[in-house]
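The values are calculated or read from the model by the stated rules, or taken from the named source; none is laboratory data. This is a predicted model, so every value here is computed, not measured. Virtual Cβ from ideal backbone geometry, glycine too; neighbours counted across all protein chains shown. When the accessible area is computed, the model is the full protein with side chains, heavy atoms only, and any ligands, DNA or RNA have been set aside. Shrake-Rupley method; radii C 1.70, N 1.55, O 1.52, S 1.80 Å.
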There are 2 protein chains.
Amino acid sequence: MYRTHTCGELRLTHVEKVVTLSGWVQRTRQLGGMTFVDLRDRYGITQLVFDMSLNADLCAAANKLGREFVIQATGIVRERSSKNTQLATGEVEIDVTGLQVLNAAKVPPFTIEPDTDGGDDLRMKYRYLDLRRTPVQQNIIFRHQMAQATRSYLNNLNFLEIETPFLIKSTPEGARDFVVPSRLNAGQFYALPQSPQTFKQLLMVSGFDRYYQIVRCFRDEDLRADRQPEFTQIDCEMAFVTREDVLQTFEGLLRYLLKTVKGYDLGEVARMSYDDAMRLYGSDKPDIRFGMAFTELNQLVKGHGFAIFDDAELIAGICAQGCAEYTRKQLDELTDWVKRPQIGAKGLVYVKYNPDGTLKSSVDKFYSPEQLQTWANAMNAKPGDLLLILSGSTDKTRKQLGELRLEMGKRLGLRNPAEFKALWVLDFPLLEWDEEDQRWVACHHPFTRPRTQNFENITDWGSLRAEAYDLCLNGNEIAGGSIRIHERALQEKVFDLLGMTKDEAQQKFGFLMGAFEYGAPPHGGIAFGFDRLCAIMGGYESIRDFIAFPKNNSGRDTMIDAPSPIDAKQYRELSIQSVIQG
Amino acid sequence: MYRTHTCGELRLTHVEKVVTLSGWVQRTRQLGGMTFVDLRDRYGITQLVFDMSLNADLCAAANKLGREFVIQATGIVRERSSKNTQLATGEVEIDVTGLQVLNAAKVPPFTIEPDTDGGDDLRMKYRYLDLRRTPVQQNIIFRHQMAQATRSYLNNLNFLEIETPFLIKSTPEGARDFVVPSRLNAGQFYALPQSPQTFKQLLMVSGFDRYYQIVRCFRDEDLRADRQPEFTQIDCEMAFVTREDVLQTFEGLLRYLLKTVKGYDLGEVARMSYDDAMRLYGSDKPDIRFGMAFTELNQLVKGHGFAIFDDAELIAGICAQGCAEYTRKQLDELTDWVKRPQIGAKGLVYVKYNPDGTLKSSVDKFYSPEQLQTWANAMNAKPGDLLLILSGSTDKTRKQLGELRLEMGKRLGLRNPAEFKALWVLDFPLLEWDEEDQRWVACHHPFTRPRTQNFENITDWGSLRAEAYDLCLNGNEIAGGSIRIHERALQEKVFDLLGMTKDEAQQKFGFLMGAFEYGAPPHGGIAFGFDRLCAIMGGYESIRDFIAFPKNNSGRDTMIDAPSPIDAKQYRELSIQSVIQG
């Protein structure tokens, strides 16, 4: 037996007991013939005491301990004379009577402290040491709690956790598949699932009714910051449900998680159509912790000789409360900010609604104070507010103004990290135009149910709407889903709309369309991005902080050094060879 | 809203309520102007009633319903005049007032009944229909319950569920890896994990202390019946533990599962060394629901002129209680049975210990009744018993006698499927001789701790023992694990023993040996084969019955038709090409 207690367990009630602890040496201090060792494990830190005058050999051994040595110490629990109120175990210490070094440690390449001196690359290479740091360890424990709470909620609602296969068929649609050469079937490949989408739909056809899985998914996309080639979803599907059933069930999940894991009471979950979200916030995932919705000003601003507005498809603004005092310098800086290539606006028009009721704008040449006043009124501005206005093509202007709104929200402290506000965005477009491939592609995926089934005569395909919904938390998309197609004929129509030939559709998804002919119930579902959900609820920016062994931005695991070359025998057995252009 | 209740929910207390149900048509019957429809969902079956005299149109619509149609029915709950006690809902029926066909169904290719007329291949191709059958559905639900109970037990013991990566490095050791070409790193491959072994050890180095995961693993082995290329493990690891701690924890898990999921009280979990298991049962996973242990007879039988015994390395027998009455024909059949190529014995010697105390054997020519009596005594036989004796080389004889023992246990009804007996097999060999590669390989895996650390002067490498253990249930290995090496020096020694060069060891496992230098705690763990555990506890032979979407014996999913060819663009992007010999 290596220990009787953990390093987070001992209290005054244990005083005079003989205990054995095991853990890592966090720190040693020598002080007037005494040596103090902070012993750490996942549960906490306990102070060990060695007294030179009582046991010189033992104390000498303690003095030789280095950082991160793994030791076992036996001793008697004593009340501390100077208590440490920062520490759960801070009222006691251990008078050590026996010490054993279980494993020595080299000096770690960075300090194992909450604020470490290690850079990103070093910490990734020695991830097993980075994971020892308290904040990282807490994140992983937080993720564990999130997973358990998720299951608890869903189990209580009669959901079944059902495992779906990882070695499936490659049906690239949008994102690329990772593929796995089959040794036993030369020239053929499995694919790793981008999601268990078709399998969970088949489970509905099978009558399982309510399915979930916390499951790894894979997408071979070009990596961007904070995107991982493998990621985890809370994947769910329900049969015999309307959209309303799905929304209720999964806003309930979010509410339960926030309550259980964070002790936070989520209020009402707002709802908004995709069109409104774009029109009012310029985003399909608006952060609704604060207002500052857009006001469209076309009616008020056009025809007064200001060419930029006259030529613009959309002129829209936001009202920044209490910002009328912004200096020229601040306004210039803000103008520069919207003109950065990441935002891409051509310029910024402002109107100061001064506390004294006067109005001062960057377009005073073109508009009278009375005209500016109508803008202020349209935007519900009050004296002391600042109106910020962008113009241009509708889509771009909305996107730019959306970024500006978020930035102003941040600057004004309106995006409180301790507050959580959730929003359903509904009625997404069915299709979106893929500029690269010059064709319409499914906005969600090809199994999403259109809101109308008669789209043969529709001319503006972009106007088609889908039974698709996203759940947003604080301006992040944390889940997305839809009611699905469950009839073969409708599924065929949608495949056709997406430019898939009948043969291609049959070859890729014949099994699913076949299943729809044998009694497929109406069904729908959702998938939460679990890594992101943990990060947002945990109060972090990056999903990497919540993944035990993440990959870097090149998709590499630098700790184990993967991916890596395979040997000739493996190539031979898999009937493939490498063809590197170079 | 598609339903107010499920098809398993309505009772007498619901009588006179208006309800809406949705589900599948299991069966329709017309009887004297009435039509009865059994409506099925995952929760049960409810009888719908249509009365031609009350609503002819509705009844006519009901008469058109085919098997497996998906319908929604609204009506009033009535008490049944003739109750069905076989059915939880059998006291009520629904007088239907509204009917809607949600989806029609073609006639299924096999009947959706507990005993179906569909063959294996057909059921695999239409797995989504096979999964509708009650026994298959129950198995999947059973697996769900097993998973939840596993987590519940481990969570209560402070285990953390931590996800490990699926895209790792290929380090083929024993079984082949499935590999995944990396598009972003041309010429390099990820591998899918055969198990999260090294990652869970790193988590111990990180201080997570108690880890588990119910996780998919992958092995590209030549498929045998009932082996799947992807399978699920309950994967666990603990730090600061002795072997005893691990055994206690995980026999506790098995006990908890049997109690929670089956209501079964598992008694004591027996323990046995690997050597004893082989000597007494000829198996490293003996079924101890019954005795019939081997007795070695070398001392008693040699030197009496019977060349077969005189030349044999081992002569051993089992005592089949109450089988002295076996006829000549039965004994011949048993002899044929052991001579089958799957068993491979040369012959079978029997001794009947007749109820009257006389002895009759197949070797009466060589041995006197007094001599046979000493055999019977050695085997604790009583009048009425039958002694069955095999001989030959030690290993083969044990294996053959082990098979014969299991067969006799089966024939005598001693392997009660309703009884569960668990056994720890301990002290496995560290190494085993690989005939094919003509070298010593790790019996468990190269991270297993040897029981001695001074094996430099050992000449018989097969005699080395490891801190490895298997948990067996009713003659099946359900879990295997070991205490691990946690020191770099010892790990290097073992890699060396396995014939790995220093460079190779560093290239493959440098990260792990590196981790051992930074304060690695003593640790050990175990992994349960979750598919098999479910099958055995569920009372089935095949793991496929407990996997929602299994692959066939060629590693194919015939439903989705995977694996399958990929297109030229995919080859190009992955910098590989196909080289099929033929």
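Listed conditions (1) farther than 21 Å from B:Glu230 by Cα; (2) assigned to a helix (DSSP H, G or I); (3) open to solvent by 20 Å² or more (accessible area, probe 1.4 Å); (4) not basic (Lys, Arg) are all met by B:Glu113, apart from (2). With respect to (1) touching an Asp or Glu at 6+ places or on another chain (Cβ under 9 Å); (2) more than 30 Å from A:Tyr126 (Cα to Cα); (3) within 7 Å of another protein chain (Cβ to nearest Cβ), the lone exception for B:Ser554 is condition (1).
Suppose we filter A:Leu314, A:Leu300 for residues that are in contact (Cβ under 8 Å) with a residue 40 or more places away in the chain, open to solvent by 40 Å² or more (accessible area, probe 1.4 Å) and over 30 Å from A:Ala418 (Cβ atoms); which single one remains? Steps first, please.
Details: A:Leu314 fails: open to solvent by 40 Å² or more (accessible area, probe 1.4 Å).
One residue alone meets the criteria, A:Leu300.
Taking the condition of being closer than 21 Å to A:Pro521 by Cα, open to solvent by 20 Å² or more (accessible area, probe 1.4 Å) and charged (D, E, K, R), how many residues in the stretch B:41-66 meet it? Residues flagged as closer than 21 Å to A:Pro521 by Cα, open to solvent by 20 Å² or more (accessible area, probe 1.4 Å) and charged (D, E, K, R) within the stretch B:41-66 amount to 2. A count restricted to the stretch A:6-35 and to residues that are open to solvent by 30 Å² or more (accessible area, probe 1.4 Å) and not acidic (Asp, Glu) stands at 15.
Scanning the stretch B:59-104 for residues that are hydrophobic (A, V, I, L, M, F, W, C) and either part of a helix (DSSP H, G or I) or more than 14 Å from every other protein chain (Cβ to nearest Cβ) (or both) yields B:Cys59, B:Ala60, B:Ala61, B:Ala62, B:Ile76, B:Val77, B:Leu87, B:Ala88, B:Val92, B:Ile94, B:Val96, B:Leu99.
Can you pull out the residues in the stretch B:191-230 that are facing chain A (nearest Cβ under 8 Å), closer than 17 Å to B:Arg176 by Cβ and without any contact (Cβ under 8 Å) to a residue 60 or more places away in the chain?
The initial filter retains those residues of the stretch B:191-230 that are facing chain A (nearest Cβ under 8 Å), namely B:191-192, B:198-199, B:202-203, B:205-209, B:216, B:218, B:220, B:222-223, B:229-230.
If we keep only those that are closer than 17 Å to B:Arg176 by Cβ as well, we get B:191-192, B:216, B:218, B:220, B:222-223, B:229-230.
Residues satisfying the conditions are B:Ala191, B:Leu192, B:Arg216, B:Phe218, B:Asp220, B:Asp222.
In the stretch A:116-133, of all residues being within 21 Å of B:His523 (Cβ to Cβ) and in contact with a strand residue (DSSP E or B) (Cβ under 9 Å, 6 or more places away or on another chain), the one that is surrounded by the fewest Cβ atoms within 10 Å (Cβ to Cβ) corresponds to A:Tyr126.
Any idea which of A:Val261, A:Val349, A:Val246 is in the same structural domain as A:Ile478 (by TED's automatic domain parsing) and crowded, with 21+ Cβ neighbours inside 10 Å?
Values: A:Val261 fails: crowded, with 21+ Cβ neighbours inside 10 Å; A:Val349 fails: in the same structural domain as A:Ile478 (by TED's automatic domain parsing).
A:Val246 is the lone residue from the list that is in the same structural domain as A:Ile478 (by TED's automatic domain parsing) and crowded, with 21+ Cβ neighbours inside 10 Å.
Table: residues versus (1) in contact with a Pro (Cβ under 6 Å, 6 or more places away or on another chain); (2) in the same structural domain as A:Val215 (by TED's automatic domain parsing); (3) crowded, with 21+ Cβ neighbours inside 10 Å; (4) within 30 Å of A:Met146 (Cα to Cα).
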| position | (1), (2), (3), (4) |
| --- | --- |
| A:Glu477 | no, yes, no, yes |
| A:Ile483 | no, yes, yes, yes |
| A:Ala505 | no, yes, no, no |
| A:Met537 | no, yes, yes, yes |
| A:Tyr540 | no, yes, no, yes |
| A:Ser554 | no, yes, no, yes |
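Count of the stretch A:106-128 residues, restricted to those that are facing another protein chain (nearest Cβ under 8 Å), in contact (Cβ under 8 Å) with a residue 60 or more places away in the chain and out of contact with any helix residue (DSSP H, G or I) (no Cβ under 7 Å at 6 or more places or on another chain), is 2.
Taking every residue in the stretch A:231-254 that is assigned to a helix (DSSP H, G or I) and pairing it with any residue that is among the β-branched types (Val, Ile, Thr), at least 6 positions away or on another chain, the pairs with Cβ-Cβ distances below 6 Å are A:Arg243/A:Ile483; A:Phe250/A:Ile526; A:Glu251/A:Val269. All conditions in (1) in a helix (DSSP H, G or I); (2) within 12 Å of chain B (Cβ to nearest Cβ); (3) buried (at least 17 other Cβ atoms within 10 Å of the Cβ) hold for A:Tyr153, with the sole exception of (2). Residues in the stretch B:219-243 that are surrounded by fewer than 23 Cβ atoms within 10 Å (Cβ to Cβ), of a type in the set (A, V, I, L, M, F, W, C) and touching a Leu at 6+ places or on another chain (Cβ under 9 Å): B:Leu223 only. One residue is enough: does the stretch B:488-505 have a residue meeting the conditions at the interface with another protein chain (Cβ under 10 Å from one of its Cβ atoms), under 30 Å from A:Arg40 (Cα atoms) and modelled with pLDDT of 95 or more? Yes; the residues of the stretch B:488-505 include at least one that is at the interface with another protein chain (Cβ under 10 Å from one of its Cβ atoms), under 30 Å from A:Arg40 (Cα atoms) and modelled with pLDDT of 95 or more. Check the stretch A:572-579 and report whether any residue there is part of a helix (DSSP H, G or I), of a type outside the set (Val, Ile, Thr) and within 29 Å of A:Leu247 (Cβ to Cβ). The answer is no; no qualifying residue exists.
Among the residues making up the stretch B:557-582, a single one is surrounded by 16 or more Cβ atoms within 10 Å (Cβ to Cβ) and more than 9 Å from chain A (Cβ to nearest Cβ): B:Thr558. Can you say whether A:Asp275 is under 30 Å from B:Met1 (Cα atoms), assigned to a loop (DSSP other than H, G, I, E, B) and open to solvent by 30 Å² or more (accessible area, probe 1.4 Å), as far as the supplied structure shows? Against the criterion (under 30 Å from B:Met1 (Cα atoms), assigned to a loop (DSSP other than H, G, I, E, B) and open to solvent by 30 Å² or more (accessible area, probe 1.4 Å)), A:Asp275 does not qualify. Listed conditions (1) part of a strand (DSSP E or B); (2) within 14 Å of chain A (Cβ to nearest Cβ) are all met by B:Gly525, apart from (2).
Of the residues making up the stretch B:191-204, just one is open to solvent by 10 Å² or more (accessible area, probe 1.4 Å) and either touching a His at 6+ places or on another chain (Cβ under 7 Å) or within 20 Å of B:Tyr571 (Cβ to Cβ) (or both), namely B:Gln197. Annotation note: Cβ proximity below 7 Å between a residue of the stretch A:163-187 that is closer than 22 Å to A:Val215 by Cβ and more than 7 Å from every other protein chain (Cβ to nearest Cβ) and a residue that is aliphatic (A, V, I, L, M) and surrounded by fewer than 20 Cβ atoms within 10 Å (Cβ to Cβ) (sequence gap 6+ or interchain) occurs for A:Gly174/A:Val441.
Could you tell me whether A:Arg216 is open to solvent by 10 Å² or more (accessible area, probe 1.4 Å), in contact with a helix residue (DSSP H, G or I) (Cβ under 7 Å, 6 or more places away or on another chain) and either in a loop (DSSP other than H, G, I, E, B) or assigned by TED's automatic domain parsing to the domain that holds A:Lys508 (or both)? Walk me through how you get there before you give the answer.
Numbers: open to solvent by 10 Å² or more (accessible area, probe 1.4 Å): yes; in contact with a helix residue (DSSP H, G or I) (Cβ under 7 Å, 6 or more places away or on another chain): no; either in a loop (DSSP other than H, G, I, E, B) or assigned by TED's automatic domain parsing to the domain that holds A:Lys508 (or both): yes.
Spelling it out, it is not the case that A:Arg216 is open to solvent by 10 Å² or more (accessible area, probe 1.4 Å), in contact with a helix residue (DSSP H, G or I) (Cβ under 7 Å, 6 or more places away or on another chain) and either in a loop (DSSP other than H, G, I, E, B) or assigned by TED's automatic domain parsing to the domain that holds A:Lys508 (or both).
Results for (1) in contact with a helix residue (DSSP H, G or I) (Cβ under 6 Å, 6 or more places away or on another chain); (2) under 27 Å from B:Glu163 (Cα atoms); (3) in contact (Cβ under 8 Å) with a residue 40 or more places away in the chain; (4) among the acidic types (Asp, Glu), shown as yes or no for each residue.
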position: A:Ile485; (1), (2), (3), (4): yes, no, no, no
position: A:Asp503; (1), (2), (3), (4): no, no, no, yes
position: A:Ala520; (1), (2), (3), (4): yes, no, yes, no
position: A:Ala535; (1), (2), (3), (4): yes, yes, no, no
position: A:Phe546; (1), (2), (3), (4): yes, yes, yes, no
position: A:Lys551; (1), (2), (3), (4): no, yes, yes, no
position: A:Arg572; (1), (2), (3), (4): no, no, no, no
position: A:Ser578; (1), (2), (3), (4): no, no, no, no
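Quick check on A:Pro193: is it in a loop (DSSP other than H, G, I, E, B), within 22 Å of the chain's Cα centre (by Cα), in the same structural domain as A:Met513 (by TED's automatic domain parsing) and not polar (S, T, N, Q)? Even if it seems obvious, please write down each step before you answer.
Working: in a loop (DSSP other than H, G, I, E, B): yes; within 22 Å of the chain's Cα centre (by Cα): yes; in the same structural domain as A:Met513 (by TED's automatic domain parsing): yes; not polar (S, T, N, Q): yes.
So A:Pro193 fits the description; yes.
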